[in-house]
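The values are calculated or read from the model by the stated rules, or taken from the named source; none is laboratory data. Fair warning: this is a prediction, and the values are worked out from it, not measured in the lab. Don't worry about glycine lacking a Cβ; one is built from the backbone with ideal geometry, like all the others, and counts go over all protein chains shown. Note: accessible area is taken over every heavy atom of the protein model, side chains too, but ligands, DNA and RNA are not part of it. Shrake-Rupley method; radii C 1.70, N 1.55, O 1.52, S 1.80 Å.
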Amino acid sequence: MDDAHRGSGPRAGTAGDAGDRGTLRAAFGGLTTRGRSFLAAGVAATGCAYVLGQADLLLVGLLLAVLPLVCVGALHRTRYRVAGTRRLSPSRVPAGSEARVHLRVDNTSRLPSGLLMLQDRVPYVLGPRPRFVLDRMEPGGRREVSYRVRSDLRGRYPLGPLQLRLADPFGMCELTRSFSAHDTLVVVPRTQALPPLRLTGAASGYGDGRQRSLAQAGEDDVLPRGYRHGDDLRRVHWRSTARYGELMVRREEQPQRARASVLLDTRRSAFRGAGPDAAFEWAVAAAASALAHLVERGFAVRLLTDEGGAAPGDGGDGFTGSAHGSAEAAGPMLDALAVVEHSDASGLSGAHDVLRGGHEGLLLAFFGDLDEEQVATAAAMRRRSGAAVAFVLDGEAWAPGAGSTPSVPFGERLRLLREEGWTAVPVPPGADLAQVWQRAGQPGDTQPAGGGAATGFSGGWS
């Protein structure tokens, strides 16, 4: 069975070659307990008949010994050519969702098949190993079966190889023939629909330092400038002229698409605990939701980690996305988040090096525990972006007593980040992402989502 391309139709392969290469020794290795018992009884009866000179016992012994040997030979010489296909629907699913695996078996030989048992190998996290019993297939016949897989844990999971088990009518011998290829099911983090949000912040990438909407920014934005002597009056933009009270003209260059970078802190020292409800898994799912939200709204987006770029973009600068807001554009970044793990990095220098060139767009960061050095690095990254929002998780609150006390208290981290121009949003344990996301655009809000005061979190939102 050939590998099936994710999201495409099935690919076919055959198991006939594997059976043709099977040796007679392998066929004898397929003797069942019944077959071995018959063979042992036949040999014993034949020996006793020879010693005792009993001709009738000799015939019985030969019959018992020959029957499993005949079954082995017949099964070995059977030249089934069976083609199999596997199709995943879909091949990329969010955690907790089901995917269906469709199997099709075709008998491409000129002989009918016997009773067949199919078994597909799947990781235990996807569920029990599926087994199917197929009735006798006529020449050119086809059988189709399907099963469901589901995982609450993100990751890339191999499916296969598909195994075909042949058995003789007497149950004396069984042979297993395997297809050689595998398919892959990608379980991405579960994403959540996020509401449109207005951020405040000075950023040339967001329109001359004025408020811009995350749900509305895109290629259709007009980038006017002040009128200069000699400009063609046909380029006057009257709406901007009325808005700013001075003559404005359209820029000669085409407006650039709004850009955004999503930074996921993966440092092992920044998060505590493990499992689907751990702080790190919340941050991964939140980053995936933010990526999907921005891509659907026409942003050019890139995914970063503390070690640097985490997913290849369709542009030379690492950004990806569709001007028409196609959700498929987020696929490569979601695939990267499906397998992202903790890093052993001690700081955020990798992300800072990527942002050092500056793109003056939106920067969304999901931070764990930070110390003074990491806060200073975050401040440097803020200066390279137009507007910056940090969702900060308190490891001590998410997993009390699971690690050492951070050198910088949680409230102090929020204060330092806000002093450097970040919109710092505290994330309490089990917070709803949509509520936390809304608080990033609510000036003057000092309460974390879910209630409770954010100690040391003073002033309004930037």
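Residues of segment 400-422 that are farther than 21 Å from residue 363 by Cβ and free of Cβ contacts under 8 Å to residues at least 12 places away in the same chain: 400, 401, 404, 405.
For segment 242-253, the count of residues that are in contact (Cβ under 8 Å) with a residue 12 or more places away in the chain, open to solvent by 30 Å² or more (accessible area, probe 1.4 Å) and in contact with a His (Cβ under 6 Å, 6 or more places away or on another chain) is nonzero.
A quick yes/no check of all residues on (1) part of a loop (DSSP other than H, G, I, E, B); (2) modelled with pLDDT of 95 or more; (3) open to solvent by less than 10 Å² (accessible area, probe 1.4 Å); (4) of a type in the set (Ser, Thr, Tyr):
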site: 388; (1), (2), (3), (4): no, no, yes, no
site: 391; (1), (2), (3), (4): no, yes, yes, no
site: 402; (1), (2), (3), (4): yes, no, no, no
site: 408; (1), (2), (3), (4): yes, no, yes, no
site: 430; (1), (2), (3), (4): yes, no, no, no
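Checked against the criterion of being loosely packed, with under 15 Cβ neighbours inside 10 Å, touching an Asp or Glu at 6+ places or on another chain (Cβ under 8 Å) and assigned to a loop (DSSP other than H, G, I, E, B), segment 26-38 has no qualifying residue. Name the single residue that is surrounded by the most Cβ atoms within 10 Å (Cβ to Cβ) among those in segment 106-121 being within 30 Å of residue 156 (Cβ to Cβ) and out of contact with any Phe, Trp or Tyr (no Cβ under 9 Å at 6 or more places or on another chain). Checked segment 106-121; the qualifying residue surrounded by the most Cβ atoms within 10 Å (Cβ to Cβ) is 106. Cβ-Cβ distances below 7 Å connect no pair with a first residue in segment 224-240 that is in contact (Cβ under 8 Å) with a residue 12 or more places away in the chain, a second residue that is among the polar types (S, T, N, Q) and open to solvent by 60 Å² or more (accessible area, probe 1.4 Å), and a separation of six or more residues or different chains. Open to solvent by less than 30 Å² (accessible area, probe 1.4 Å), of a type outside the set (Ser, Thr, Tyr), part of a helix (DSSP H, G or I) and modelled with pLDDT of 95 or more: is that true of residue 284 in this structure? Taking the combined requirement at face value, the residue satisfies it. Within segment 150-170, the presence of at least one residue that is acidic (Asp, Glu), open to solvent by 30 Å² or more (accessible area, probe 1.4 Å) and either modelled with pLDDT of 90 or more or over 30 Å from residue 276 (Cβ atoms) (or both) is confirmed. Residue selection: residue 141 satisfies the criterion of being free of Cβ contacts under 8 Å to residues at least 40 places away in the same chain, surrounded by fewer than 19 Cβ atoms within 10 Å (Cβ to Cβ) and of a type outside the set (Phe, Trp, Tyr).
If the condition is being open to solvent by less than 50 Å² (accessible area, probe 1.4 Å) and either in contact with a Cys (Cβ under 6 Å, 6 or more places away or on another chain) or assigned to a strand (DSSP E or B) (or both), then segment 63-93 contributes 71, 72, 75, 82, 83, 84, 85, 86, 88, 93. Evaluation of residue 234 against the conditions (1) open to solvent by 40 Å² or more (accessible area, probe 1.4 Å); (2) of a type outside the set (A, V, I, L, M, F, W, C); (3) assigned to a loop (DSSP other than H, G, I, E, B); (4) modelled with pLDDT of 65 or more shows that the sole unmet condition is (3). Confirm whether residue 344 is within 30 Å of residue 274 (Cα to Cα), modelled with pLDDT of 90 or more and open to solvent by 30 Å² or more (accessible area, probe 1.4 Å). Yes, satisfied.
Among the listed residues 50, 124, which satisfies the condition of being closer than 30 Å to residue 186 by Cα, open to solvent by 50 Å² or more (accessible area, probe 1.4 Å) and among the aromatic types (Phe, Trp, Tyr)?
Unique residue meeting the criteria: 124.
Here residue 335 clears all of (1) at pLDDT 90 or above; (2) closer than 22 Å to residue 427 by Cβ; (3) of a type outside the set (Phe, Trp, Tyr); (4) open to solvent by less than 50 Å² (accessible area, probe 1.4 Å) except the condition numbered (2). Residues in segment 165-195 that are part of a loop (DSSP other than H, G, I, E, B) and among the polar types (S, T, N, Q): 180, 191, 192.
Cβ separations smaller than 7 Å between residues 6+ apart or across chains give the following pairs from segment 325-354 residues that are without any contact (Cβ under 8 Å) to a residue 24 or more places away in the chain to residues that are surrounded by fewer than 19 Cβ atoms within 10 Å (Cβ to Cβ) and part of a loop (DSSP other than H, G, I, E, B): 332/312. Here the strands (runs of 3 or more DSSP E) wholly within segment 118-164 that include at least 3 residues being farther than 16 Å from residue 89 by Cα are 131-134. The set of residues in segment 287-328 being modelled with pLDDT of 90 or more and part of a loop (DSSP other than H, G, I, E, B) consists of 306, 307.
Each row is one residue, and each column tells you yes or no for (1) of a type in the set (Phe, Trp, Tyr); (2) open to solvent by less than 70 Å² (accessible area, probe 1.4 Å); (3) at pLDDT 75 or above.
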{"residue": "173", "(1), (2), (3)": "no, yes, yes"}
{"residue": "176", "(1), (2), (3)": "no, no, yes"}
{"residue": "183", "(1), (2), (3)": "no, yes, yes"}
{"residue": "193", "(1), (2), (3)": "no, no, yes"}
{"residue": "205", "(1), (2), (3)": "no, yes, no"}
